[in-house]
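Beneath this line is the structure, given in structure tokens, with notes to follow.
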């Protein structure tokens, strides 16, 4: 093995293939969901505490910032779900080739965009 080969450590110059970009987005959405659980559990607790706290929570969701946060969480859930389904399909042996991975990434990104748009329509 040639240990004198050039090394490119500048990550901004590396062009990643589309399946890698879809995979990175899947990881980012999972990471975001880890932190979103605190927001979601707090909202669930407030909604179940009493009728008054439910009404306060419902009024809070009229705030634009809360709607944005809700949309971002729903977007992360939606994309993570679509990418997770792609992984389950690949576990079944479908789309494991390089071309299949590229097509799967395109379907994942388009499906994720559709789910994100639908979440935006639902929130607003």
| query | With respect to residue 29, is the statement that it is surrounded by 13 or more Cβ atoms within 10 Å (Cβ to Cβ), at pLDDT 95 or above and within 19 Å of residue 120 (Cα to Cα) true? | reply | yes
| Does segment 56-70 contain at least one residue that is within 22 Å of residue 27 (Cβ to Cβ), free of Cβ contacts under 8 Å to residues at least 40 places away in the same chain and part of a helix (DSSP H, G or I)? | yes
| query | Before we move on, is residue 22 in contact (Cβ under 8 Å) with a residue 40 or more places away in the chain, under 17 Å from the mean Cα position of the chain (by Cα) and at negative phi? | reply | yes
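Rundown of residues vs (1) in contact (Cβ under 8 Å) with a residue 60 or more places away in the chain; (2) in contact with a strand residue (DSSP E or B) (Cβ under 6 Å, 6 or more places away or on another chain); (3) buried (at least 16 other Cβ atoms within 10 Å of the Cβ), yes/no style:
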{"position": "79", "(1), (2), (3)": "no, no, yes"}
{"position": "84", "(1), (2), (3)": "no, no, no"}
{"position": "99", "(1), (2), (3)": "no, no, no"}
{"position": "105", "(1), (2), (3)": "yes, no, yes"}
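The values are calculated or read from the model by the stated rules, or taken from the named source; none is laboratory data. Quantities reported herein were computed from a predicted structural model and do not represent experimental measurements. A quick note on method: Cβ atoms are made from the backbone with ideal geometry, for glycine too, and the neighbour counts reach across all protein chains shown.
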